[in-house]
Amino acid sequence: MARKRGRPRLGKKASDHFNTRLDPRIKRALQRAAKRNDRTLSKEIQERLRASVETARIPTSQQAAELVDAVGEVLTVFLNAETKKDSDPPFDWRRHAFDREALKIAIGLALDQLGARGAPGPSRFSLFDTTPADAGRTAASAAAVMLKRRK
């Protein structure tokens, strides 16, 4: 049997070719990311485009900005906190379980102070049709998957 020419297919159909211009800085950043992720430049761009298309973004830019600002302020308090000893490592929620737990609680309490008051009523969303805790777990799981794909 004769060998087929060209690149292997990504799925059942041949992939489409798409030419575009890139700012050299963006291309260099994508090349670094591709190397870090052990992918070709083409595959890195394809994965990023796929993730952006799959991630339905609802226009909540003001809400997102306010949330990022609130979390940033909480994090700043911790980052500026002095340690008991000079030899103690600085605050890092990614490496220290105490720091992660303290940050998680602080963000929750800040949201309680800044957000809607009162007991939650029934869900208005089809994806989150149970309790707020279940909705939170579902959203957190989805967000974790999307964040891991970026790495």
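Side notes on the structure shown:
- Sparsely packed chymotrypsin sites (Phe, Trp or Tyr not before Pro) within the stretch 66-102, loop by DSSP, other Cβ within 10 Å at most 14: none
- Cα shape, the stretch 33-128, gyration tensor, a/c 1.5 rule: oblate
Quick note: the coordinates plus some simple rules give every number you see, no bench work behind them. Because the structure is predicted, anything quoted here is derived from the model rather than measured. Ideal geometry is used to build each Cβ from the backbone, glycine not excepted, and the neighbour counts take in all protein chains shown.
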